[in-house]
Amino acid sequence: MDAYISNNMTILILITIWVIPWKAYALWIASKREDKRWFIALVVLNTFAILEIIYIFYVAKKTPKDLISELKTKI
């Protein structure tokens, strides 16, 4: 039973590490663009970052090149 809980905890931690940065970035973009409906949807729905990734790359139309240039300007 302890191994089962340990394995599930590891999976939960990995999922959390994956989801939080995507969610934070998508929420930041939605608030910056004043997309109130998307902001609410992103806060309410937990989809393992699928919805956040769709928003970032297809709705907000960010490219990986845009993301890299934004990171460089912040550093």
Of all residues in segment 57-71, which are of a type in the set (D, E, K, R), farther than 22 Å from Ile17 by Cα and part of a helix (DSSP H, G or I)?
Lys65, Asp66
Checked Tyr25, Tyr4, Tyr58 against criteria (within 24 Å of Lys74 (Cβ to Cβ), more than 10 Å from the chain's Cα centre (by Cα) and either aromatic (Phe, Trp, Tyr) or at pLDDT below 90 (or both)); the one match is Tyr58
Residues of segment 31-56 being over 20 Å from Ile17 (Cα atoms) and either surrounded by 14 or more Cβ atoms within 10 Å (Cβ to Cβ) or of a type in the set (Phe, Trp, Tyr) (or both), in sequence order, are Asp35, Trp38, Phe39, Ala41
Per the filter on segment 10-19, residues exposed (fewer than 12 other Cβ atoms within 10 Å of the Cβ) and under 11 Å from the mean Cα position of the chain (by Cα) are Thr16, Ile17
Does Ile15 fit the bill of being modelled with pLDDT of 90 or more, assigned to a helix (DSSP H, G or I) and either polar (S, T, N, Q) or more than 19 Å from Lys61 (Cβ to Cβ) (or both)?
no
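The values are calculated or read from the model by the stated rules, or taken from the named source; none is laboratory data. None of the values given here were measured: they were computed from a predicted structure. Ideal geometry is used to build each Cβ from the backbone, glycine not excepted, and the neighbour counts take in all protein chains shown.
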